[in-house]
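Here is the structure we will look at.
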Amino acid sequence: MLKFKLREPIGSSTYPMPGEAVDLTKTLKGLQESPTPHRDFGTIYLHVPFCDQICSFCGFNKQVSTSDVKSAYVAAVHKEIETYAAMPHVRQIQFRAVYIGGGTPNSLTKDQLSGIVKALRNNFNLSPDCEVTTEGTPQNFTEEMNASLLEAGINRISTGVQTFNTEIRKEHLHMNHTREELLGFIEVIRKSFPNFNLDLIYNLPLQTDDIWKDDIKTALGLGSKHLSVLPLVLLENTIFYSDYIVKGKYAPPDQDNEIHLFNHTVEALRASPFTDHYSMRDWAQPGYECRYITTNAKCGQILALGAGAHGYLAGQTYRNIRSTQRYIQSMKDAGLPLEAQRFATRSEEMQRFMVMGLRLNTFDTSAFNAMFNVSIDEVFGEKLQVLVDSGYLARNGATFHHTDSGLIWGNNLRTYFEEQKACTVGYADTRGAGSTGKEHYSAITRIKASGDVEANIIDILPEAKSPADTAEEIASV
Ligand SMILES: C[S@@+](CC[C@H](N)C(=O)[O-])C[C@H]1O[C@@H](n2cnc3c(N)ncnc32)[C@H](O)[C@@H]1O
Ligand code: SF4
């Protein structure tokens, strides 16, 4: 039996982590070549690192900035788009989803944001039914902004609520608006966009059972088609990090309470129109799964644009320069704004298949054989069997389903397949904390780092191999 001590709250958004110095000659060579048939589809992620105000919990790559810096950034993004659009490899990828994330993309002007969307549409091969999402704060999706975004081709919105509770929002999250104002902003979004997502966070300080139940109940009635429900993650360089860890202002987030709130969420949403619990933290009404998530889970390529964005292109995972100023400068100079990269080995590609695929609660592994010319059972059979025997996954031929316990520990199941132990971050553009990515959580006995998978496993019966043994076998495949 395999048991995990500490719940992994995020899960890797990319694998393997790009930690190597950039070899631009090798990168450019790869970008001149055609993708293999299994790599001819993908998504685009574009990062906008600006916000109007900074929320206490948020560790994403973001800053409050001037209109001059924003204009220079938008110009740099256009140049990056044009640079990639000239690459044969990129020209042949069909993109099934675009995700403009932040930061707060709608802290740009409507013309700046719409101009970026149009440039993406004009320069890349987007599928006819391409999902084009932008994130943004509820208050900035004004009628004028929405009209402009619709005209440019945005067809999905994702916006951060976190909680509807006015006191928690204002006094603890540094979010300016009351519940009533928030409901008004969401109504403006609903009138323009049939397809929108709300983000909620559970296990926030002072968020009682009743407050969380009210958050879920309220979110269900607002016309969204999708809910992303995330546990609070303490990230370095946030106000919360200093509130919790340095000042001890709040009791450490409690894992049992986190699981309790998660179980309540699963139960409440099962009895709602959001019956499609397709990824551990995402619920959709039927037909409204986020295609950006499902395409990435199938190991499509990811063209990442903008400061700090993480991508997966032409056999490499890569990270763009994180600093906004240095990103802008690098786009004035020749070349690509890469900060780090890693050309994945064949076994890392296989591990990526597992890490990305297990984001989905129904994981169809049938593509593995065609991609790698070897059966999944030959490579990962024993580890998968451990997860089935331990009650996390149920198997039906090539398809694996998370059990109720698998839903709770879903991100741990993903890290179980990561051989690369260091510096795995969960959010594509989040500042990793500590030398192993998330190790600071252990300081408040809350979480272990992805880089410490074995230490997080508390019970393996003798017949199951240790992850270390199995990892060596994978490496030799
Ligand atoms: C990058 S933010 C962009 C959303 C947009 N700026 C807004 O505020 O509406 C995307 C989402 O990440 C989630 N998030 C950010 N930091 C988090 C944390 N520390 N723990 C859990 N979720 C977090 C929030 O739910 C947030 O809405
Ligand atoms: S949650 Fe959104 S608005 Fe708040 S700091 Fe993060 S990116 Fe900015």
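The values are calculated or read from the model by the stated rules, or taken from the named source; none is laboratory data. As the structure is a prediction and not an experimental result, all values here were calculated from the model. In this analysis, Cβ positions are derived from the backbone assuming ideal geometry, glycine residues included, and neighbour counts consider all displayed protein chains.
See the values below:
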| item | result |
| --- | --- |
| Set Thr163, Thr142, Thr134: member being of a type outside the set (Gly, Ala, Ser) and surrounded by fewer than 18 Cβ atoms within 10 Å (Cβ to Cβ) | Thr142 |
| Extreme residue, surrounded by the fewest Cβ atoms within 10 Å (Cβ to Cβ), among residues of segment 44-58 that are out of contact with any Ser or Thr (no Cβ under 9 Å at 6 or more places or on another chain) and not aliphatic (A, V, I, L, M) | Tyr45 |
| Selection within segment 266-292 - in contact with a His (Cβ under 9 Å, 6 or more places away or on another chain), surrounded by fewer than 19 Cβ atoms within 10 Å (Cβ to Cβ) and either part of a helix (DSSP H, G or I) or modelled with pLDDT under 95 (or both) | Val266, Arg270 |
| Exclusive hit being among the hydrophobic types (A, V, I, L, M, F, W, C), modelled with pLDDT under 95 and not assigned by TED's automatic domain parsing to the domain that holds Asp199, set Ala307, Ala340, Ala314 | Ala340 |
| Test result for Gly311, among the small types (Gly, Ala, Ser), within 19 Å of Ser12 (Cα to Cα) and surrounded by 20 or more Cβ atoms within 10 Å (Cβ to Cβ) | yes |
| Test set (1) surrounded by 21 or more Cβ atoms within 10 Å (Cβ to Cβ); (2) of a type in the set (S, T, N, Q); (3) within 16 Å of ligand 2 (Cβ to nearest atom); (4) over 21 Å from Pro337 (Cβ atoms) - Asn61 fails condition number | (4) |
| Lone unmet requirement of (1) in a helix (DSSP H, G or I); (2) away from ligand 2 (no atom under 16 Å from the Cβ); (3) under 21 Å from Phe50 (Cβ atoms) for Ile154 | (1) |
| Some residue of segment 197-215 being over 30 Å from Arg7 (Cβ atoms), in contact (Cβ under 8 Å) with a residue 12 or more places away in the chain, within 16 Å of ligand 1 (Cβ to nearest atom) and out of contact with any helix residue (DSSP H, G or I) (no Cβ under 6 Å at 6 or more places or on another chain) | no |
| Complete set of residues in segment 8-49 that are β-branched (Val, Ile, Thr) and part of a strand (DSSP E or B) | Thr43, Ile44, Val48 |
| Among (1) surrounded by 22 or more Cβ atoms within 10 Å (Cβ to Cβ); (2) within 16 Å of ligand 1 (Cβ to nearest atom), the one test that Pro16 misses | (2) |
| Count of segment 68-112 residues which are without any contact (Cβ under 8 Å) to a residue 60 or more places away in the chain, within 16 Å of ligand 2 (Cβ to nearest atom) and of a type outside the set (Gly, Ala, Ser) | 5 |
| Failed criterion for Asp52 (all others in (1) within 12 Å of ligand 2 (Cβ to nearest atom); (2) in a strand (DSSP E or B) hold) | (2) |
| Meets criteria (within 17 Å of the chain's Cα centre (by Cα), more than 20 Å from Trp409 (Cα to Cα) and either surrounded by fewer than 18 Cβ atoms within 10 Å (Cβ to Cβ) or within 16 Å of ligand 1 (Cβ to nearest atom) (or both)) for Cys299 | no |
| Within segment 331-423, strands (runs of 3 or more DSSP E) holding 3 or more residues that are surrounded by 19 or more Cβ atoms within 10 Å (Cβ to Cβ) | 338-343 |
